[in-house]
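Below: the structure, in structure tokens.
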Amino acid sequence: MTEPTSSCAEFAALSRRGFLRTAALGGAALSTSAAFGTAFVETSYAAPRPASSVLVVLSMRGAVDGMSLVVPHGDPAYYSARPRIAIPASQLLVRDGFFGLHPAMAPLLPLWRSGRMAAVHATGLAVPNRSHFSAMEAVEDADPGSSARVGWLNRLIGREGSPHPLRAVQVGATVPPASLAGPAPSMALSDIDAVRLAGHDKWDTKHRRPASMRTMWSGVGGPLGTAARTAFTAVDDFRPVQATKAAPTNGARYPQGDLGEALAAAARTIRGDVGAEVITIDHGDWDHHSGLGTLQWGSMQAMTKELAGALAAFFTDLGPAAAKVTLVTISEFGRRTRENASFGLDHGHGNAMLLLGAGVKGGYYGTWTPLRSATDDDLAVTTDYRSVLAEVVTRRLGASAARVFPGFSPEPVGAVTSL
């Protein structure tokens, strides 16, 4: 992942790895390449069933500037507040009367023009929160006022009782995000081919290591024993993924970097068809307090190019399997309207979410409140981010919005079609 270069002290202190370790303190780390969710209540699982629909959640850590990705060129305050870093309307892609995409998103034009990509603007938490840590917690718990340490994706995969541990997989990191925290097991991996029991390597030709570990843990009670047996199940049932070709298919070419590697691993996991209904990926640092830059230099143009290239390669790599995959992007909050003295943007409120793939009804969505350009002004949130996610989980995965987002009444967005 990209190392922090322009982020605030809070995000630098969290750092991607540090934050995720904190988020998984309730988990049971085993001496394997996989880490698993908190409590485990089952000791055996049926064979994983194929997932008819797959949700990929890409978390853009550090709070991406949605107004640089999906530019509100029709609002004059956007240009008056950003005299040096605003993107000229003439350079925007697929521009309508109000919005346009960052020029570096060109690799995604085939998806956009085929009606499989949408942007929902002015989304976010109902209440402004400028702290990376607490905003991430709020976004990923998605259950304000509750003391339960359960993420919205854990409620999603746990809706049918006790799911198989491969029902949700975090790729690119060995610790799951807070959205997967909770009673339903999940798996996190940094490398597909490294998912194995420690010591079960090329020198263990008679597979004595897994046999001895199973014997050792067979009579152990409590959460730790259950977690160990869950790990054995997950490692065994993950083998079809490891049997797939490591190289991208269908001519896909991922850009260099951790995002491309993670999305390539996600595509391979989907092709392996081991029942992964939810895949999570983290990417950042998008905390651009300085050096966000222009179209000619800076972090935004470089990271947007990497993002668009990796997403385009992912859907190419999936081939026919793309027909069941919906990807949604999310970030903890947006950035201020006005640029600062360092060619960057400080913490704000509203943001843009991207939807790509199966079931997406392409185009621009969202209700816009005219920007104000004073130093502390933000993009106002007019669509609760849970309304976007609720539309995905109900229409693509057949889940209950009331279960996944307790106490929340989603408003229609219109960016996702039914099953």
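How would T244, T337 rank on accessible area, largest to smallest, probe 1.4 Å? Intermediate results must be reported in sequence, preceding the final value.
Numbers: T244 30, T337 0 Å².
In descending accessible area the options line up as T244, T337.
Can you tell me, using C-alpha contacts under 8 Å and at least 6 residues apart, the relative contact order of region 186-257 as a whole percent? Each step should come with its number before you reach the end.
On the way: 26 pairs, mean separation 21.5, N = 72.
Relative CO of region 186-257 lands at 30 percent.
Have a look at G66, G309, G319 and tell me which one the Gaussian network model of the chain (Cα, springs below 10 Å) gives the largest fluctuation.
Result: G319 has the largest fluctuation of those listed.
Using a 1.4 angstrom probe and counting only protein chains, how large is the accessible area of D273 in Å², to 10?
Roll a 1.4 Å probe over it and D273 shows about 70 Å².
Find the relative contact order for the chain and round it to a whole percent, using C-alpha pairs within less than 8 Å whose residues are 6+ positions apart. Write down the numbers at each step before the final one.
On the way: 955 pairs, mean separation 122.0, N = 419.
With pairs under 8 Å counted, the relative contact order is 29 percent.
Can you give the Rg/Rh ratio of region 191-239, where Rg is from the C-alpha atoms and Rh is the Kirkwood radius? Numbers along the way, then the final one.
Details: Rg = 11.2 Å, Rh = 11.5 Å.
Ratio value, two decimals: 0.98.
Taking a probe of 1.4 angstrom, what is the accessible area of W152 in Å², to the nearest 10?
Solvent-accessible area, nearest 10 Å²: 10 Å².
How much FRET efficiency would the formula 1/(1 + (r/R0)^6) give for D96 and A323, where r is the Cβ-Cβ distance and R0 is 25 Å, rounded to 0.05? Please report the intermediate quantities before stating the final value.
Numbers: r = 27 Å, r/R0 = 1.09.
With a Förster radius of 25 Å, E is 0.35.
Mind computing the radius of gyration and Dmax over the alpha-carbon atoms of region 92-178? Å is fine for both.
17.8, 48
Based on the alpha-carbon gyration tensor of region 197-277, what equivalent-ellipsoid semi-axes (square roots of 5 times the eigenvalues) come out, in whole Å, largest first?
31, 15, 11
Tell me the carbon and sulfur percent of the accessible area for region 305-388, rounded to whole percent, probe radius 1.4 Å.
Numbers: 1310 of 2560 Å².
C and S atoms contribute 51 percent here.
Excluding ligands and nucleic acids, what accessible area in Å² is computed for V139 using a 1.4 Å probe, to the nearest 10?
10 Å²
Show that you can apply the helix-only estimate: for the chain, add -39,500 (n - 2.57) for every DSSP H stretch of four or more residues, divide by all residues, and state [θ] at 222 nm to the nearest 500.
Working: 14 runs with 125 residues, N = 419.
So the helix-based figure for the chain works out to -8500 deg cm²/dmol.
What is the distance in Å between the Cα centres of region 76-153 and region 291-361?
Value for the Cα centre distance between the two parts: 7 Å.
Give the Debye-formula value of log10 I(q)/I(0) at each listed q (0.22, 0.30, 0.32 Å⁻¹), with one equal scatterer per alpha carbon of region 149-191, two decimals each.
Rounded to two decimals, the profile gives -0.62, -1.03, -1.12.
What lysines sit close enough to K324 to cross-link, taking a C-alpha to C-alpha distance under 22 Å and skipping anything fewer than 8 places away on the same chain?
K245, K361
Quantify, in whole percent, the carbon and sulfur part of the accessible surface of region 107-193 (1.4 Å probe; protein heavy atoms only). Each step should come with its number before you reach the end.
Working: 1550 of 2800 Å².
C and S atoms contribute 55 percent here.
Over region 284-410, average the accessible area per residue using a 1.4 Å probe and give it in Å², no decimals. Please report the intermediate quantities before stating the final value.
Numbers: 4040 Å² over 127 residues.
With the other protein chains kept in place, region 284-410 gives 32 Å² per residue.
When only Cα pairs under 8 Å and 6 or more residues apart are kept, what is the percent relative contact order across region 269-419?
Relative contact order, region 269-419: 19 percent.
If you restrict to DSSP beta bridges whose two residues both lie in the chain, what percentage is antiparallel, to the nearest 5?
Numbers: 19 of 42 bridges.
The answer is about 45 percent antiparallel.
Have a look at region 241-367 and give its Rg and Dmax from the Cα atoms, expressed in angstrom.
So, for region 241-367, Rg and Dmax equal 16.6, 52 Å respectively.
Residues of region 161-273: accessible area per residue at 1.4 Å, in Å²? Walk me through the numbers on the way to the answer.
Numbers: 4970 Å² over 113 residues.
Result: 44 Å² of accessible area for each residue.
How large is the Rg to Rh ratio of region 267-312 when both quantities use alpha carbon positions and Rh follows Kirkwood? Write down the numbers at each step before the final one.
Values: Rg = 15.1 Å, Rh = 12.9 Å.
With Rh from the inverse mean 1/r over Cα pairs, Rg/Rh is 1.17.
The values are calculated or read from the model by the stated rules, or taken from the named source; none is laboratory data. Quick caveat, the model's predicted, so the values are computed rather than measured. Glycine also receives a Cβ, built like all others from the backbone with ideal geometry; neighbour counts cover every protein chain displayed. Accessible surface areas use protein heavy atoms only, side chains included; no ligands, DNA or RNA. Shrake-Rupley method; radii C 1.70, N 1.55, O 1.52, S 1.80 Å.
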